[in-house]
Protein chains: 2
Amino acid sequence: MDNKIGIGILGLGVVGSGIIEIINKHKEMLYKKTNCYLSIERILVQDIEKNRHVKLNKDILTTDAADVLNNPHVDIVIEVIGGTDDAYLFIEQALRNKKHVVTANKDLIALYGRELHDFAKQQSCDLFYEASVGGGIPIIRGLTDGLVADEIEEVMGIINGTTNYILTKMDEEGVPFEKALQDAQDLGFAEADPTADIEGLDAARKMAILTRLAFHMDIRLDDIKTRGITNVSLTDLKYGKELGLTMKLIGIAKAHGDTLQVNVEPVFIANDHPLSSVKNEYNAVYVKGRAIGETMFYGPGAGSLPTATAIMADVIHVAKNIQLGITGKSVPMIERSARLSPHHLQTSSFYIRLHVHDQVGSFAHISQLFQDMDMSFKRIIQTPMKKQQTAEIIVVTHQTSLETFTNAKKKLQQMDVIKSIESYYQIEGETI
Amino acid sequence: MDNKIGIGILGLGVVGSGIIEIINKHKEMLYKKTNCYLSIERILVQDIEKNRHVKLNKDILTTDAADVLNNPHVDIVIEVIGGTDDAYLFIEQALRNKKHVVTANKDLIALYGRELHDFAKQQSCDLFYEASVGGGIPIIRGLTDGLVADEIEEVMGIINGTTNYILTKMDEEGVPFEKALQDAQDLGFAEADPTADIEGLDAARKMAILTRLAFHMDIRLDDIKTRGITNVSLTDLKYGKELGLTMKLIGIAKAHGDTLQVNVEPVFIANDHPLSSVKNEYNAVYVKGRAIGETMFYGPGAGSLPTATAIMADVIHVAKNIQLGITGKSVPMIERSARLSPHHLQTSSFYIRLHVHDQVGSFAHISQLFQDMDMSFKRIIQTPMKKQQTAEIIVVTHQTSLETFTNAKKKLQQMDVIKSIESYYQIEGETI
């Protein structure tokens, strides 16, 4: 067979098995779409003798990465082992040997995407990673190809299925965070150590990748302000319902002139915003472009077959590029490192929940402060509490800058009438 | 300039102007993305002297199509005049002259897509039409590139903004169809002659295109069963609310073995289905693939800038292909004409609203009929009406075949206890 393209796979977990399943099941369709045969030449595994559900010839299994990376029959290396140490070395070695690379490794691409891109380009090799964000959702191709002629102003994503599942549970069934997390773990939506998910680190890595593609700027992971969902309380969700707001862990990237704001945090989304209806383990990325306006990509954010599908879309893309002799050319441009937007440019409305001494004049004090800060509010809810002489006050502000809001928050903390700032969240979308 | 690619535009309405705006505004960005200059060489207009908002040199305007189509400096022809007569001749002539074609013309592609594809391939020319469905939403690229490795089982689209706007108005504000249509016309969402929109013909044309790309089968427009929204009543929307269902005009294409079901009709969508929350003039296409599961593309379905953005994404794609010498190769495969699915393979649940003589035993009669037809129901609502001796009955069936349902409907019509079948709709998504 002349038109054969050799595939090497690093890792044979659920995603690796999914890839083999697709290649075996859709041989003909893949041939029609690529005009070549995809042949799995070598697979790196930890244990050759392990029982596997997927049908394959044991002779192609190896425990030595070099058998894949230095194999002259391998044209495309698919990396699905995860992690950043071995994976980095393997991908670098693959590129050095002029093999094209397809990976689902968000951690690696978030950290080393820029230098790996440069190296791939230098080697005339393709390096694709559609599966690294949003599982099977073709969001990366949407940004790099579909919206290529637009100027992107804003990307907001629900890009962590675990936290979205937990927040949906809390919101719909009124169960507290710990219980919802336990449920997610029982159902396999959350890992035994859920830290990376619930603290927003996983979402931050994905935002680093999306930011690079949408804005052509490189952002350091450390520069992404990240707040997790561990402190989200049912009380706030209840007030949210009253105000027509739904809480979501959102990755936000917005351009302000030539600066960029990127953060990951729990945000109240107005119920008429398309992101508000994305539930359970589903992911969605909302993109606002100067020309297109609002658009959204929705789908399963994880799962072996969706992820394998995204990887195979990349493999098909590489296979076509190989035959056309154009590999290494569709690498996205990263023009420069991002400059972070100063806080006075980052505007939104805010929700803040306060406990105050329920005494004559306390309400007036707070109103006065907001007025002094030049920060008007849209809604205010005051509820007396069971605890003696304490009232709970919710304020929803009009659009204001993060700088103004942060200053106001500091001043509120110093006021005698205020017992505590219980919580505060940014609001996205038009509130009623 | 060596690396210059010449553009000819047929038509200078709102979309044509949007294209010129993007090309003028984003010269640098376009150069970076394509490594070439896009130069507008010639534009076909009806009246050269007409005042226009967009800045351009009048010398490039012409009233003679041949100046564009036979122009040696034109590499890519963008067709935005619409219609199927002149447009067909122009595109054929452009391809004959080995010019690549980008069009937003859904009518033309729905009717002649297959033969134009064949001709383009024969001429080694690209023929792209991302803007023909879903305006700025990159749904065509999503299907042909993003989900290329999946086997698509189902495509459901809200692909007509006018009817979605009308149904949203009716549902949220309780205004009847005629009033909602008038509002849509006043706001410019509906044309003076709204027939093609409200009768579902526009959606049917778009479904013909999506079907071809998703299932690689060609379907004749006449084979798409089409029902418009003119008979949708507020009464049904009210019952829908009670049942957790939202009415949408949906284009549905589903594969059953090697046969295909394609229809356009008002459908009740369960409120937990992602399509149910697509409101106003927005469009969305929901795709279910064997591997990826459920995914959805959402965005503005029309508008000059979103449409122009989609066209420019195509132009950039062609510009890259020209430089790579691979034009005419990324044409999607259309393998064969579609065989329509027989009605016994088309299953869903159904909503039916009946007026019955309010007499002892009438309810039992109807129940008996359903039982005889082997069609169980999930929900039944009976309401006495003001008209003497008449009751209104709503039945929501479990999953059943269209064949069974159609037979049941016929039998109901013949029953003495039944005064009239007021309405019936297919239901998609899990009903409660």
Residue pairs within 9 Å by beta carbon, gap of at least six or interchain, first lying in the stretch B:341-369 and free of Cβ contacts under 8 Å to residues at least 24 places away in the same chain, second surrounded by 17 or more Cβ atoms within 10 Å (Cβ to Cβ), listed first then second, are B:S367/B:F377
Answer yes or no as to whether B:T295 is polar (S, T, N, Q), farther than 15 Å from B:C125 by Cβ and within 8 Å of another protein chain (Cβ to nearest Cβ). yes
Working carefully through the options A:K238, A:K288, A:K254, find the one that is without any contact (Cβ under 8 Å) to a residue 40 or more places away in the chain and not small (G, A, S). A:K238
Residue satisfying all of: in the stretch A:30-43; open to solvent by 40 Å² or more (accessible area, probe 1.4 Å) and more than 17 Å from A:I81 (Cβ to Cβ); farthest from the other protein chains (Cβ to nearest Cβ) among these: A:Y37
Identify, please: which residue in the stretch B:89-102 is open to solvent by less than 50 Å² (accessible area, probe 1.4 Å), assigned to a helix (DSSP H, G or I) and touching a helix residue (DSSP H, G or I) at 6+ places or on another chain (Cβ under 6 Å) and is, among those, nearest to B:T327 (Cα to Cα)? B:L95
Run down A:E115, A:E130 and say which single residue is within 14 Å of chain B (Cβ to nearest Cβ) and within 20 Å of A:T327 (Cβ to Cβ). A:E130
Tell me, please, whether a residue that is buried (at least 17 other Cβ atoms within 10 Å of the Cβ) and of a type in the set (V, I, T) can be found in the stretch B:172-179. no
Here is a list: A:T103, A:T62, A:T34. Which entry is more than 32 Å from the chain's Cα centre (by Cα) and in contact (Cβ under 8 Å) with a residue 12 or more places away in the chain? A:T62
Entirely in the stretch B:228-346, the strands (runs of 3 or more DSSP E) that have 1 or more residues that are surrounded by 18 or more Cβ atoms within 10 Å (Cβ to Cβ) and over 19 Å from the mean Cα position of the chain (by Cα): B:245-256, B:259-270, B:293-300
Given the criteria open to solvent by less than 50 Å² (accessible area, probe 1.4 Å), within 14 Å of chain A (Cβ to nearest Cβ) and at pLDDT 90 or above, does B:I19 qualify? yes
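Yes or no, residue by residue, for (1) loosely packed, with under 15 Cβ neighbours inside 10 Å; (2) within 14 Å of chain B (Cβ to nearest Cβ); (3) within 30 Å of A:M296 (Cα to Cα):
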site	(1), (2), (3)
A:V45	no, no, no
A:N51	yes, no, no
A:I60	no, no, no
A:N71	no, no, no
A:V77	no, no, no
A:G82	no, no, yes
A:A104	no, yes, yes
A:L111	no, no, yes
A:D145	no, yes, yes
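The values are calculated or read from the model by the stated rules, or taken from the named source; none is laboratory data. Since the model is a prediction, treat every value here as computed from it, not as a measurement. Here the Cβ is made from the backbone with ideal geometry for all residues, glycine too, and neighbour counts use every protein chain on show. Keep in mind that these areas ignore ligands, DNA and RNA; they rest on the heavy atoms of the full protein, side chains included. Shrake-Rupley method; radii C 1.70, N 1.55, O 1.52, S 1.80 Å.
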